[in-house]
Amino acid sequence: MKTKTLSFVIALLFLTSCQSVRVVTDYDKVAPFKTYKTFGFHKEGVDRAEISDLDKRRILGAIETALLEKGFTKSDTPDLLVNFFTKEKQEINIYNNNYNSFGYGWGWARGPYLGTHYNVSNSTQGTLYIDLIDTTRKELIWQGIGRGNLTSSVKHKDERINTFVTSILCSYPPEIEL
């Protein structure tokens, strides 16, 4: 019984962690995806990303690890150039929990009052774009976009960036419909 419960909890955690980054992809339907074996980074593009150098290194490392795990080799004369860029925005959410309270307190109108409680939260939504460019054709052949909450905690940044990158790159190469 304990094994079934533990398995269920692990499966639930796995499913919810996969859903924490929403991913969409687009690709060139005629690109020869099976022929790409090597990759390199598009330095000029990466340098333009408006994030800290620490986060750039985290993203580069996560992309490199994911591509190496897919069987690619890093090269100075690559088949694919990898570029990325980011966007972020602040979100403020206000929730009315429809909980009315009754109380007595000091203020302009002394006496009983009836009030509604609101919960306010803010978060930073991030978007990571990963572009793969065919170096022979000099064309974008695949783009993955991941959106989700960011963290400012140094302790959790590596994990969050790895989640973004692996969620995006798990859709590469695309399953091309014939």
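Numbers below:
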| quantity | calculated |
| --- | --- |
| Theoretical FRET efficiency, 1/(1+(r/R0)^6), r = Cβ-Cβ of E139 and T65, R0 22 Å, to 0.05 | 0.30 |
| Hits among lysines - C-alpha to C-alpha of K37 under 19 Å, sequence gap 8 or more where chains match | K29, K70, K74, K138 |
| Tensor-based shape of region 25-90 (alpha-carbon gyration tensor, a/c under 1.5 rounded, otherwise prolate or oblate) | prolate |
| Pairs beyond 30 Å (Cα-Cα), from K34/K89; K87/K155; K56/K89 | K34/K89 |
| Rough spin-label spacing in nm, given labels placed 7 Å along Cα→Cβ, for I51 and Q125 | 1.7 |
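Read-outs: derived from the displayed coordinates by stated rules, not from any lab. Since the structure is predicted, the reported quantities are computational estimates derived from the model, not experimental observations. Cβ sites come from the backbone with ideal geometry, for glycine too, and all protein chains shown count toward neighbours.
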